[in-house]
Amino acid sequence: MKKKLNYKWVIKIVLISIVASMVFTLASTEVLGHAGWIIALVVLAVFIFLGIIFDMIAIAVVTATEAPFHSMAARREHGATASLKLIKNADKVTSFCSDVVGDVSGIVSGTTAALIAARLMEGLRMTNFLFPLLLSGAVTGLTVGGKALCKTYAFNNSTGIVFRVGKIISVFHRKSYSE
């Protein structure tokens with residue numbers, strides 16, 4: 001079954017990407033502006049980790065099948081209905097997870113690495129371009145390697161991953177109705 005291109009969704013996802021990028025960049029520059037090297041590296045690791053995890057979720061949603069979740073929903077298992085919604089909206093979920101969170105995290109982690117390298121070079125009065133190259137290579141290697149590892153994991157464990165995400169979403173979904 002082919003889905004029609006939803007232009008409203010495309011515009012919405014572009015706007016969400018712009019806002020997410022601005023928020024992530026603002027958050028990282030604010031933290032980095034007042035942080036030491038350890039905190040700066042933790043912020044960098046968080047952005048790398050976010051990109052990897054959300055890419056894994058995207059792959060899991062695309063590869064999971066509905067059948068186990070119909071069975072879980074019939075038994076009223078917490079998170080099954082949300083998991084089904086994720087799978088039925090796989091195109092939007094993967095766009096959000098991979099393109100918004102995954103790609104924006106990748107871009108912001110690159111920017112964060114560049115800021116860290118520039119501050120370190122300035123603080124140490126270095127003019128050698130070797131350190132920024134090494135940091136950039138490390139960020140790229142961690143991101144690509146982490147995504148490759150997690151994508152394989154997602155292919156092999158899609159039902160479990162989608163179910164865990166469905167459980168998390170259903171907790172927030174319930175809270176929004178109870179307030």
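Condition check ((1) without any contact (Cβ under 8 Å) to a residue 24 or more places away in the chain; (2) within 22 Å of Thr140 (Cα to Cα); (3) in contact with a Gly (Cβ under 8 Å, 6 or more places away or on another chain); (4) assigned to a helix (DSSP H, G or I)) across all residues:
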position: Trp9; (1), (2), (3), (4): no, no, no, yes
position: Lys12; (1), (2), (3), (4): yes, no, no, yes
position: Ile16; (1), (2), (3), (4): no, no, no, yes
position: Ser21; (1), (2), (3), (4): no, yes, no, yes
position: Leu26; (1), (2), (3), (4): yes, yes, no, yes
position: Leu32; (1), (2), (3), (4): no, yes, no, yes
position: Ile38; (1), (2), (3), (4): yes, yes, no, yes
position: Val42; (1), (2), (3), (4): yes, yes, no, yes
position: Val46; (1), (2), (3), (4): yes, yes, no, yes
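Which condition does Arg125 not pass, out of (1) in contact with an Asp or Glu (Cβ under 9 Å, 6 or more places away or on another chain); (2) charged (D, E, K, R); (3) at positive phi, if it passes all the others? Answer for Arg125: the failing condition is (1). Within the range 137-150, no residue satisfies the criterion of being in contact with a Leu (Cβ under 8 Å, 6 or more places away or on another chain) and surrounded by fewer than 17 Cβ atoms within 10 Å (Cβ to Cβ). Within the range 81-136, if we keep just the residues that are hydroxyl-bearing (Ser, Thr, Tyr) and either surrounded by fewer than 16 Cβ atoms within 10 Å (Cβ to Cβ) or outside any helix (DSSP H, G or I) (or both), the residue that is modelled with the lowest pLDDT turns out to be Thr127.
For the range 31-48, name all the residues that are at pLDDT below 80 and surrounded by 11 or more Cβ atoms within 10 Å (Cβ to Cβ).
First, pick out the residues of the range 31-48 that are at pLDDT below 80: 31-37.
Residues satisfying the conditions are Val31, Leu32, Ala35, Trp37.
The residues in the range 80-132 that are farther than 29 Å from Val19 by Cα and without any contact (Cβ under 8 Å) to a residue 12 or more places away in the chain can be counted, and the count is 10.
The values are calculated or read from the model by the stated rules, or taken from the named source; none is laboratory data. A quick note: this is a predicted structure, and the numbers were derived from the prediction, not measured. Note that each Cβ is placed from the backbone with ideal geometry, even for glycine, and that neighbours are counted across all protein chains shown.
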